[in-house]
Amino acid sequence: MKRNQMIRLMEYPLTDAGNAARLHELFGKKWVYMPKFRKWMQWDGHCLQTVKAETLCLAAAEAFENLAAAICHLPATTDPQEQKQRLSALNWLLRSRVPFHTRTAIKELKKLHMAE
């Protein structure tokens with residue numbers, strides 16, 4: 001993941017809706033909510049396949065953990081504002097790995113997909 005993308009992902013609100021926006025940016029059109037079928041579908045490179053909500057929640061938790069790890073590996077900064085932003089984002093992302101937050105982020109992501 002490039003530094004610019006990581007900075008952008010850190011700038012989303014530290015809320016479940018912000019996590020949904022992060023997931024939307026990270027997974028793009030790989031995850032699609034199909035209102036007609038009331039199901040999530042995942043693009044596997046060849047076709048769309050139904051995916052369970054639990055699978056999405058696990059993938060979301062992994063994405064939050066990977067983003068937190070990437071933040072930890074950013075080069076050091078002397079800017080106190082950026083240090084504060086990194087620490088806040090890191091703490092939020094690590095707390096967001098729990099099922100309550102991943103489920104809520106997926107619900108918010110569904111709203112984003114339905115609004116498109």
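Please treat every number below as a calculation from the coordinates, not as lab data. None of these values were measured; they are calculated from a predicted model. When we count neighbours, we look across all protein chains shown, and the Cβ atoms used for this are built from the backbone with ideal geometry, even at glycine.
Here are the numbers for this structure:
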read-out	value
Separation of the Leu48 and Glu62 label points, Cα + 7 Å toward Cβ, nm	2.2 nm
For a label point 7 Å along the Cα-to-beta-carbon line of His113, residues of region 37-56 with backbone N under 15 Å	37-45, 47-56
Helical contribution to [θ] at 222 nm, DSSP H n ≥ 4, -39,500 (n - 2.57), averaged over the chain, rounded to 500	-21000 deg cm²/dmol
Spacing of the two label points (7 Å from each Cα toward its C-beta) at Asn91 and Met34, in nm	4.2 nm
Region 16-116, relative contact order in percent, only Cα pairs under 8 angstrom and at least six apart counted	37 percent
Given charges at beta-carbon only (K, R positive; D, E negative), |dipole| of region 1-93 in Debye	360 debye
